[in-house]
Amino acid sequence: LTENHEELRGTFSFLDGKASATGRIDWAEAFPFYLAVKLDQAPIELLLSTLRPQGIQDLVLALTGHLSMEGRLRSLGETQMALDVQDLQASYKGYSFQSDGPFQATYREGDLRSDAIRLKGEGTTLTLVGGMAPFKQYSLFVTGEADLRLLTLMTQKMDFSKGKAYLALMVSGPWENPAVQGGLTIREGTFRSARLKQGVDGAELTFFFNGK
């Protein structure tokens with residue numbers, strides 16, 4: 001740390017040394033600050049542990065890229081952030097996926113926005129465009145194809161599933177009860193659940209959602 005009559009500057013590392021930051025705080029009114037963070041396969045889930053919504057505690061995220069933050073200590077709610085991601089590696093209950101190319105995201109006035117985020121995993125390629133107000137509201141467009149085995153990871157009501165889902169969905173509205181518009185097509189779907197009297201094999205189904 002270095003300090004003078006105008007500002008405080010410092011450099012530090014965290015997240016097991018996989019993140020390093022340089023920043024400053026001005027001694028002016030409201031204490032404006034700036035922070036630049038370099039991420040090298042940083043385990044972001046350690047930072048999100050107190051914010052994660054219930055049900056995704058098994059999500060693991062590692063980011064490589066740069067994050068910048070700018071704002072005032074006396075009004076942290078107005079903090080602006082810009083994230084430049086070169087690589088994202090993630091897993092959920094043993095299912096691994098990663099980013100398919102770099103992407104950028106910004107956070108201003110409680111609103112998180114990004115350009116196209118392309119994700120890929122075994123049997124899955126998805127593109128996400130739009131944004132959200134975290135834990136408040138969605139405005140997100142999702143397209144691509146997904147391995148139906150993901151259903152068994154996302155809900156305990158499904159014991160076994162396989163096949164392919166093709167989707168083009170707009171998710172919008174309140175965080176707890178979003179509206180879904182668009183279409184979902186299932187090919188060669190197989191489902192097993194203790195809640196079903198009989199399993200489903202080779203299903204060819206198409207669903208349309210109108211947001212209601």
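The values are calculated or read from the model by the stated rules, or taken from the named source; none is laboratory data. Source: prediction; values computed, not measured. Virtual Cβ from ideal backbone geometry, glycine too; neighbours counted across all protein chains shown. Note: areas computed on protein heavy atoms with side chains; ligands, DNA, RNA excluded. Shrake-Rupley method; radii C 1.70, N 1.55, O 1.52, S 1.80 Å.
At-a-glance table
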{"item": "Filter pass, residue 193 being of a type in the set (Gly, Ala, Ser) and either modelled with pLDDT under 90 or open to solvent by 50 Å² or more (accessible area, probe 1.4 Å) (or both)", "result": "yes"}
{"item": "Residue check for residue 172: over 20 Å from residue 87 (Cα atoms) and either open to solvent by less than 40 Å² (accessible area, probe 1.4 Å) or among the basic types (Lys, Arg) (or both)", "result": "yes"}
{"item": "Residue check for residue 144: surrounded by fewer than 15 Cβ atoms within 10 Å (Cβ to Cβ), part of a strand (DSSP E or B) and not β-branched (Val, Ile, Thr)", "result": "no"}
{"item": "Residue within region 147-158 that is among the aliphatic types (A, V, I, L, M), at pLDDT below 90 and open to solvent by 70 Å² or more (accessible area, probe 1.4 Å) present", "result": "yes"}
{"item": "Pair list, Cβ under 6 Å, 6 or more apart: region 50-69 residue more than 22 Å from residue 104 (Cβ to Cβ), other residue open to solvent by 40 Å² or more (accessible area, probe 1.4 Å) and modelled with pLDDT of 75 or more", "result": "58/93"}
{"item": "Single residue of region 24-43 satisfying the filter (in a strand (DSSP E or B) and free of Cβ contacts under 8 Å to residues at least 24 places away in the same chain) that is nearest to the chain's Cα centre (by Cα)", "result": "24"}
{"item": "Total residues in region 98-130, condition open to solvent by 50 Å² or more (accessible area, probe 1.4 Å) and over 20 Å from residue 173 (Cα atoms)", "result": "8"}
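Yes/no matrix, rows are residues, columns are (1) under 30 Å from residue 109 (Cα atoms); (2) in contact with a helix residue (DSSP H, G or I) (Cβ under 9 Å, 6 or more places away or on another chain):
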position: 140; (1), (2): yes, no
position: 153; (1), (2): no, no
position: 159; (1), (2): no, yes
position: 166; (1), (2): no, no
position: 169; (1), (2): yes, no
position: 179; (1), (2): yes, no
position: 189; (1), (2): no, no
position: 200; (1), (2): no, no
